[in-house]
Ligand code: FAD
Ligand code: NAI
């Protein structure tokens with residue numbers, strides 16, 4: 001006898017667990033299967049997926065500890081606080097990170113209980129279409145479900161010839177679990193993980209070199225943000241080499257030696273104690289038995305879906321990292337909610353144009369909507385409001401005046417097309433821009449909203465005013481790029 005459910009969710013990451021909870025709230029009888037125990041001491045399946053176990057949450061915990069360490073070492077003295085030379089106890093730092101992970105992953109089990117979602121332990125793979133829907137094998141059990149949501153996520157992409165053992169050569173899993181600060185750390189890939197993990201270990205004292213294949217730095221971000229970030233990270237001691245080609249990588253028990261060709265075509269060698277490979281992620285579709293049921297994949301091996309996460313199979317949906325779009329936890333959750341609501345006959349939606357991005361370096365980088373280079377490429381006429389944090393009273397009080405807010409608005413309609421922030425707390429500041437864009441706001445709308453003083457958000461306000469060339473606390477410049485010699489009075 002197989003178990004019967006209205007909905008089976010395959011994968012318990014942010015896309016899967018949120019879809020399961022929302023579907024249960026809507027009255028469906030829901031099961032979610034998860035095969036990964038991650039580091040669970042009892043070997044039981046862990047909910048939360050990459051995000052909670054080996055992604056967003058542990059990385060942000062380490063970023064916070066290393067930020068405090070760097071502040072204690074370099075930032076406190078200017079405020080009259082002397083603490084001597086700070087020391088880092090890596091096992092305590094990692095233990096704290098693990099406690100947070102345990103708390104959150106077990107919290108989702110609690111949410112499943114409360115919402116009456118059945119957790120099944122095991123790998124889900126399609127067997128066949130059944131009378132009522134789909135038959136899926138979970139571990140050794142057969143499960144029948146009227147509808148199936150695939151939320152199997154992604155795994156780190158590895159490079160041929162570079163064996164990841166998560167000791168000497170790590171992907172995201174080992175990068176979050178080092179037992180000591182490596183004296184020399186190499187990273188391949190200057191993307192989001194490269195910059196975040198490079199920052200963590202660099203702040204704690206590693207000599208960090210990041211080898212990036214592309215000739216341009218952070219080309220996903222707005223061009224001005226990328227330029228500013230490159231300057232700041234160089235000042236922080238991150239050695240980022242662009243346009244490299246990785247050659248042979250030899251690992252020993254003690255370290256790793258990386259041969260590469262630099263941007264000028266010269267052969268180089270980098271010796272390091274540890275290497276982190278952070279060159280993107282691949283969708284988890286292996287083992288789903290997709291072929292047997294005719295589930296269509298796209299040209300990049302992701303599950304092929306329409307704008308509402310419907311696959312080519314009736315009653316089978318797919319969300320999160322396993323489908324197209326940015327590989328972000330909040331995007332996966334949005335899609336999970338949308339699918340559950342669509343299954344219930346509601347008009348679920350996900351606005352892919354207003355999904356925010358954040359890179360949790362210091363300063364943080366956050367953006368939503370179009371970059372200046374995208375608008376130029378699309379031939380869209382736009383206006384720019386760009387204001388630095390240099391004279392913002394709150395930023396001065398916090399001792400961190402780095403960065404700026406850049407707002408891009410349609411030249412004719414004034415509708416906000418993109419907002420790009422590099423600053424302390426940019427991850428929080430971006431929400432205002434997301435809300436504004438979701439409501440189809442014009443820069444004038446934000447310019448006319450009262451912002452609390454003194455806050456960093458006043459710079460968002462000024463950037464909106466600057467779109468109309470009328471910033472109140474920024475003298476000497478027309479709207480547009482900040483020019484050398486502009487006077488920046490108090491804000
Ligand atoms: P996943 O979280 O990958 O979950 C999928 C789950 O499905 C996994 O637990 C897997 O074991 C399980 N599974 C797979 N196949 C099967 C099967 N056949 N049967 C049963 N179970 C299966 N995103 C952000 O938005 N903010 C961040 O700050 C952020 N930081 C990150 C830091 C790092 C180091 C990494 C690696 C990623 C980070 N991300 C971040 C990305 C984020 O983790 C992912 O976008 C998100 O986890 C995707 O959710 P998902 O549910 O699609 O997949
Ligand atoms: P990424 O796509 O952000 O960056 C990978 C980088 O590696 C790119 O710059 C790419 O050009 C480079 N690269 C690829 N092949 C290479 C090679 N052979 N040699 C040298 N460089 C090479 O991927 P990353 O950093 O692995 O992160 C994966 C995803 O996880 C992110 O794209 C993001 O979706 C998610 N993530 C999100 C975070 C956040 O929201 N703050 C934090 C960390 C990850």
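Quick notes on this one:
- Per-peptide average of other Cβ atoms within 10 Å, ordering 147-155, 10-18 highest first: 10-18, 147-155
- Of all DSSP-defined beta bridges confined to the range 169-279, some 45% are antiparallel rather than parallel.
- Compared with the direct C-alpha span, the chain from residue 216 to residue 25 gains 64.2 nm at full extension, assuming 0.36 nm per residue.
- Between residue 2 and residue 89, the distance separating the two model label sites (each 7 Å from Cα on the Cα→Cβ line) works out to 5.3 nm.
- Sites residue 81 and residue 239 - FRET efficiency at Förster radius 35 Å, r taken between beta-carbons, to 0.05: 0.70
- Tensor-based shape of the range 169-279 (alpha-carbon gyration tensor, a/c under 1.5 rounded, otherwise prolate or oblate): oblate
- Potential lengthening of the chain between residue 115 and residue 445 amounts to 114.8 nm, from the contour at 0.36 nm per residue minus the alpha-carbon distance.
- Relative protection proxy for 63-74, 20-31, from highest mean packing down: 20-31, 63-74 (other beta-carbon atoms within 10 angstrom).
- The residues 338, 398, when put in order of fewest to most other Cβ atoms within 10 Å, stand as 398, 338.
- The range 232-250 versus the range 274-326: alpha-carbon centroid distance in Å: 31 Å
- Taking label positions 7 Å along the Cα-Cβ direction at both residue 266 and residue 74, the computed distance is 2.6 nm, reported to one decimal.
- Protection proxy ranking for 106-115, 310-319, using the average of other Cβ atoms within 10 Å per residue and placing the highest first: 310-319, 106-115.
- For the pair residue 257 and residue 415, a Förster radius of 41 Å applied to the C-beta separation gives a FRET efficiency near 0.20, rounded to the nearest 0.05.
- Footprinting exposure proxy for 90, 460 (fewest neighbouring C-beta atoms within 10 Å first): 90, 460
- Estimated 222 nm signal from helices in the chain, with DSSP H stretches of n ≥ 4 weighted -39500 (n - 2.57), rounded to 500: -9000 deg cm²/dmol
- Kirkwood Rh and Cα Rg combined as Rg/Rh, the range 5-134: 1.19
- Relative to the longest principal axis of the Cα atoms of the chain, the long axis of helix 223-235 makes an angle of roughly 80 degrees.
- Between helix 192-203 and the chain: long-axis angle, C-alpha atoms, 0 to 90°, nearest 10: 60 degrees
- Full-extension gain in nm, residue 304 to residue 142, via 0.36 nm per residue minus C-alpha separation: 55.8 nm
- Beta bridge orientation in the chain: antiparallel %, DSSP, nearest 5: 60 percent
- For the chain, the spread of Cα coordinates along the three principal axes comes to 76, 59, 46 Å, biggest extent given first.
- Two-site label geometry, residue 40 and residue 346: point separation in nm, points 7 Å out along Cα→Cβ: 2.9 nm
- Rounded Å value of the spacing that divides the Cα centres of the range 414-470 and the range 31-104: 31 Å
- Angle between the chain longest axis and helix 56-70 axis [Cα atoms, degrees, rounded to 10]: 30 degrees
Since every read-out is calculated from the coordinates, none of them should be taken as a lab result. What you see is a predicted model; the values in this text were computed from it and never measured. Here the Cβ is made from the backbone with ideal geometry for all residues, glycine too, and neighbour counts use every protein chain on show.
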